[in-house]
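Asks: Structure incoming, see below.
No lab work stands behind these numbers, since they all come straight from the coordinates. Keep in mind that what you see is a predicted model, and the values were worked out from it rather than measured. Note: ideal-geometry Cβ built from the backbone for every residue, glycine included; neighbour counts use all protein chains shown.
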Amino acid sequence: MPKRIPVSSLKKFAKEQKLTMAILLAWDGQLTHVVTWGQSLEECAKAADAGNSLKTAIGWPDSLHAQPSRVRKLQERIKKLEDEIKGREV
C-alpha cells in the first residue's frame, strides 16, 4: 500500500460513478487515509472541509488538516487583491 492514496485514483472513481464530489476514509491495516476530490473549486473546498472534519473525528491533529492546492492558490490571490485594495484606500 502506498504511503498516500493518490487523489487521481479517487477522481477516476468519482468520474466513473458520475459524482461531483468524493471523500474517502480508508484503513490499510497500518495507516488511515483521508482523500478528497471535488469537480469544481467550491466542491473541492467543501470536500476538503468534510475530510478535515473526518480527521478531527478520528483523532488526527489539526496540523494534518489541509486544503487542496487550487483552493490555497485562490485564497492567496484573494488575500493579495484585498491587500492591494487596502493600500489604495489610504
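Asks: Which one, Leu64, Leu19, Leu81, projects farthest toward the positive side of the charge dipole computed for the chain from Cβ point charges (K/R +1, D/E -1)?
Replies: Checking the options against the dipole of the chain, the answer is Leu19.
Asks: How many lysine pairs are close in the chain, with Cα atoms under 21 Å apart and the two 8 or more places apart or on different chains?
Replies: Close lysine pairs found across the chain: 13.
Asks: Further, regarding this structure: Choose one answer from Gln75, Gln39, Gln30: the residue with the largest mean-square fluctuation in a GNM of the chain with alpha-carbon springs under 10 Å.
Replies: Answer for the Gaussian network model of the chain: Gln30.
Asks: Based on Cα coordinates alone, diagonalise the gyration tensor for the range 7-89, multiply each eigenvalue by 5, take square roots, and list the semi-axes in whole Å, largest first. Don't skip to the end; give the middle numbers.
Replies: On the way: eigenvalues 171, 60, 15 Å².
Over the Cα atoms of the range 7-89, the semi-axes work out to 29, 17, 9 Å.
Asks: Hey, if you put +1 on the Cβ of every Lys and Arg and -1 on every Asp and Glu Cβ in the chain, which of Ser53, Val34, Ser9 ends up farthest toward the positive end of that dipole?
Replies: The residue sitting farthest along the positive end of the dipole is Ser9.
Asks: Can you tell me, using C-alpha contacts under 8 Å and at least 6 residues apart, the relative contact order of the range 7-89 as a whole percent? All intermediate terms of the calculation are to be shown ahead of the outcome.
Replies: On the way: 83 pairs, mean separation 16.4, N = 83.
Rounded, it is 20 percent for the range 7-89.
Asks: How large is ³J(HN,Hα) for each residue in the range 70-82, as worked out from phi by the Karplus curve 6.51 cos²θ - 1.76 cosθ + 1.60 (θ = phi - 60°), to whole Hz, x for Gly and Pro?
Replies: 5, 6, 4, 4, 5, 4, 5, 5, 4, 4, 4, 5, 4
Asks: To continue, here is another question. What do you get for the angle between helix 41-57 and the principal long axis of the chain? Use alpha-carbon atoms, 0 to 90 degrees, nearest ten.
Replies: Helix 41-57 and the main axis of the chain meet at about 60 degrees.
Asks: In a GNM of the chain with a 10 Å cut-off on Cα contacts, which of Ala22, Ala57, Ala66 has the highest mean-square fluctuation?
Replies: Ranking Ala22, Ala57, Ala66 by mean-square fluctuation puts Ala57 first.
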